[in-house]
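To start, the structure under review is shown below, and the notes come after it.
The values are calculated or read from the model by the stated rules, or taken from the named source; none is laboratory data. The structure displayed is predicted, hence computed values, not measured ones. Neighbour counts are summed over all protein chains in view; Cβ atoms, including those assigned to glycine, are modelled from backbone coordinates with ideal geometry. Each accessible area value is taken on the protein alone, full model and side chains, heavy atoms only, with ligands, DNA and RNA left out. Shrake-Rupley method; radii C 1.70, N 1.55, O 1.52, S 1.80 Å.
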Amino acid sequence: PGITINTPQRSLANTHSVTFPKTSNAMLMAHLDYYGIAVSAGSACNTESDKPSHVLQAVGLSDDEARSTIRFSLSHKITSRDIRYVLSVLEEYFGYKVPPIEMINPSQIDKSFVFVITDLIPQWSHII
């Protein structure tokens, strides 16, 4: 896609904000998480809210752009191999080579949902 790198050149070298137009950052985060890649949506100041990040809005992103933005924070232990892995997972996602991950909104979970899950996975029944 026509991605936009939002991180200014004069900023922390380990933090990169990237907008993937017309892409739900929640869906992309779920996909990356499935492959063991930890990212965040928006800024660190906005982790508890579903609203677009006020920080991203302050730098000029629209609500839609803010909801399509992922923040990559890299540690000193990241290697070029790790970067290639992330890029390959992104290529799979945007190339539609993997099925989309189904997400469940917490409001969709009720007692009937829990009982269906325990019927499908009997070893969990003692937990619920």
Largest to smallest accessible area among 33, 82 [probe 1.4 Å]: 33, 82
Probe 1.4 Å, all protein chains present, accessible-area order of 22, 77, largest first: 22, 77
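With a 1.4 Å probe and all protein chains in place, put 54, 31, 16, 76 in order of accessible area, largest first.
76, 54, 16, 31
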Label-point separation in nm, residue 74 to residue 34, each point 7 Å along Cα→Cβ: 2.6 nm
Nearest-10 value in Å² for the accessible area of residue 84, using the 1.4 Å probe: 140 Å²
Probe 1.4 Å - accessible area at residue 3, Å² to nearest ten: 80 Å²
